[in-house]
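Enquirer: One structure, pasted below without further comment.
The values are calculated or read from the model by the stated rules, or taken from the named source; none is laboratory data. Values in this document were obtained by computation on a predicted structure and should not be read as measured data. Because the Cβ atoms are built from the backbone with ideal geometry, glycine has one as well, and the counts that use them run over all protein chains shown.
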Amino acid sequence: MNAATNPLVNYVLRLADGSLVLAQRLSELCGKGPALEPDIALTNIALDLLGQARLLLSHAGTLEGQGRDEDALAYWRDAKDFLNPTLCELPNGDFAQTCLRAYCYVSWQAVLWAQLQQSSDAALAAIAAKSCKETRYHCEHLGDWVLRLGDGTAESHARMQRALDYLYPYTNELFDSDATDEAAAAAGLGPLPSTLAADWQAQVLPLLNEATLSVPATVPFHSTGRRGVHSEALGHLLGEMQVVARAHPGAHW
């Protein structure tokens with residue numbers, strides 16, 4: 001079976017691709033932060049996400065059983081084969097949008113990792129246990145910036161509110177459950193995304209309220225990156241991420 005027909009492989013790829021694509025987005029900001037401390041912090045978060053992606057991609061390759069390793073899955077798939085949520089691929093925008101997008105996603109990861117530690121797949125449970133510790137720091141650091149900017153100056157508040165209005169509809173996709181998720185849940189691999197919404201909201205909404213931000217009304221919009229239907233932004237991101245591997249296939253350093 002290949003990834004297109006094996007829902008258990010696709011389930012793991014969705015987790016891997018989310019971490020990989022967000023890591024690439026955050027790495028774009030290395031050396032461009034507003035101050036040294038947040039610059040280094042975002043770079044470290046990107047490295048942690050990349051570490052998660054490597055473990056998950058390697059595991060997906062093992063489950064697939066076709067000899068593809070982490071490099072093959074990262075560099076030799078096209079945009080339509082990536083299964084990350086659209087939220088992760090959106091352009092960084094300003095610092096408020098960068099922090100809020102990452103906070104929304106890592107907060108979702110925190111809820112997911114907690115449950116994946118009970119996965120029937122021992123390797124996935126071990127990845128979740130390791131990632132859970134890293135993600136607690138990610139949530140704390142990024143949450144501090146959301147609070148600091150949201151409850152800061154008139155300018156920082158306006159920028160954070162604008163970021164929230166733009167990004168919040170994309171979080172709907174994080175809780176969409178489909179046949180792939182149902183197969184994974186039936187196998188004990190992981191929880192249905194739809195079951196994570198209440199815990200995510202319990203973590204995120206109080207912080208947004210403390211940051212004096214107005215949570216947008218629920219809208220019917222649901223992005224489709226987890227099903228391989230992406231915004232044009234992903235193609236540009238992959239073009240940069242994959243250029244060296246594709247320019248020198250088979251090369252080793």
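Enquirer: Is one or more of the residues making up segment 160-179 more than 30 Å from Ala79 (Cα to Cα) and in contact (Cβ under 8 Å) with a residue 60 or more places away in the chain? Reasoning before the result, please.
Expert: Step one: of segment 160-179, the residues more than 30 Å from Ala79 (Cα to Cα) are 161.
Keeping just the survivors that are in contact (Cβ under 8 Å) with a residue 60 or more places away in the chain gives none.
No; the residues of segment 160-179 include none that is more than 30 Å from Ala79 (Cα to Cα) and in contact (Cβ under 8 Å) with a residue 60 or more places away in the chain.
Enquirer: Is one or more of the residues making up segment 30-51 within 20 Å of Leu8 (Cα to Cα) and modelled with pLDDT of 95 or more?
Expert: Going residue by residue through segment 30-51, those that are within 20 Å of Leu8 (Cα to Cα) are none.
The answer is no, given that none of the residues of segment 30-51 is within 20 Å of Leu8 (Cα to Cα) and modelled with pLDDT of 95 or more.
Enquirer: I've got another one for you. So which helices (runs of 4 or more DSSP H) stay within segment 32-123 end to end and still have 1 or more residues that are over 22 Å from Gln161 (Cα atoms)?
Expert: Working: elements: 36-64, 70-75, 86-89, 95-116.
Ranges flagged: 36-64, 70-75, 95-116.
Enquirer: Which residue pairs have Cβ atoms under 7 Å apart, sit 6 or more places apart or on different chains, and have a first residue in segment 95-113 that is free of Cβ contacts under 8 Å to residues at least 40 places away in the same chain and a second that is surrounded by fewer than 23 Cβ atoms within 10 Å (Cβ to Cβ)?
Expert: Close Cβ pairs (under 7 Å, with a partner that is surrounded by fewer than 23 Cβ atoms within 10 Å (Cβ to Cβ)) amount to Trp113/Cys132.
Enquirer: Within segment 1-31, work out how many residues are of a type in the set (S, T, N, Q) and either outside any helix (DSSP H, G or I) or surrounded by fewer than 18 Cβ atoms within 10 Å (Cβ to Cβ) (or both).
Expert: First, the residues of segment 1-31 that are of a type in the set (S, T, N, Q): 2, 5-6, 10, 19, 24, 27.
Checking the rest, the ones that are also either outside any helix (DSSP H, G or I) or surrounded by fewer than 18 Cβ atoms within 10 Å (Cβ to Cβ) (or both) come to 2, 5-6, 27.
Matching residues across segment 1-31 total 4.
Enquirer: Inspect segment 1-8 for any residue being of a type in the set (S, T, N, Q), on the phi < 0 side of the Ramachandran plot and modelled with pLDDT under 85 and give the result as yes or no.
Expert: From segment 1-8, those of a type in the set (S, T, N, Q) are 2, 5-6; that's our starting set.
Those left that are additionally on the phi < 0 side of the Ramachandran plot: 2, 5-6.
Remaining after also requiring modelled with pLDDT under 85: 2, 5.
Yes - at least one qualifying residue is present in segment 1-8.
Enquirer: Also, quick follow-up: Out of Ser194, Ser156, I need the residue that is closer than 17 Å to Tyr105 by Cα and either without any contact (Cβ under 8 Å) to a residue 24 or more places away in the chain or outside any loop (DSSP other than H, G, I, E, B) (or both). Which one? Talk me through it step by step, then tell me what you get.
Expert: On the way: Ser156 fails: closer than 17 Å to Tyr105 by Cα.
Answer to the check: Ser194.
Enquirer: Here is a further query. Which of the residues that make up segment 124-180 are crowded, with 19+ Cβ neighbours inside 10 Å, among the hydrophobic types (A, V, I, L, M, F, W, C) and over 16 Å from Val204 (Cα atoms)?
Expert: Leu124, Ile127, Ala128
Enquirer: Let me ask something else about it. Is it true that Glu182 is among the acidic types (Asp, Glu), over 29 Å from Ala122 (Cβ atoms) and assigned to a helix (DSSP H, G or I)?
Expert: Numbers: among the acidic types (Asp, Glu): yes; over 29 Å from Ala122 (Cβ atoms): no; assigned to a helix (DSSP H, G or I): yes.
So Glu182 fails the test.
Enquirer: Sort through Leu147, Leu208, Leu164, Leu174 and tell me the only one that's modelled with pLDDT of 95 or more, under 16 Å from the mean Cα position of the chain (by Cα) and not hydroxyl-bearing (Ser, Thr, Tyr).
Expert: Working: Leu147 fails: under 16 Å from the mean Cα position of the chain (by Cα); Leu208 fails: under 16 Å from the mean Cα position of the chain (by Cα); Leu164 fails: under 16 Å from the mean Cα position of the chain (by Cα).
Among Leu147, Leu208, Leu164, Leu174, only Leu174 is modelled with pLDDT of 95 or more, under 16 Å from the mean Cα position of the chain (by Cα) and not hydroxyl-bearing (Ser, Thr, Tyr).
Enquirer: Going through segment 209-230 one residue at a time, which ones are farther than 16 Å from Arg14 by Cα, in a loop (DSSP other than H, G, I, E, B) and of a type in the set (S, T, N, Q)?
Expert: The answer is Thr212, Ser214, Thr218.
Enquirer: Then there is this: Just one of the numbered conditions (1) in contact with a helix residue (DSSP H, G or I) (Cβ under 6 Å, 6 or more places away or on another chain); (2) within 21 Å of Lys32 (Cα to Cα) is not true of Arg148; which one?
Expert: (1)
Yes/no matrix, rows are residues, columns are (1) within 30 Å of Asp144 (Cβ to Cβ); (2) out of contact with any Gly (no Cβ under 9 Å at 6 or more places or on another chain):
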{"site": "Ala16", "(1), (2)": "yes, yes"}
{"site": "Gln24", "(1), (2)": "yes, yes"}
{"site": "Arg54", "(1), (2)": "yes, yes"}
{"site": "Ala60", "(1), (2)": "no, yes"}
{"site": "Lys80", "(1), (2)": "no, no"}
{"site": "Thr86", "(1), (2)": "yes, no"}
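Enquirer: Taking segment 22-50 as the search range and keeping residues that are free of Cβ contacts under 8 Å to residues at least 40 places away in the same chain and in contact with a Lys or Arg (Cβ under 9 Å, 6 or more places away or on another chain), which one is nearest to Tyr105 (Cα to Cα)?
Expert: Taking the candidates together, the pick is Ala46.
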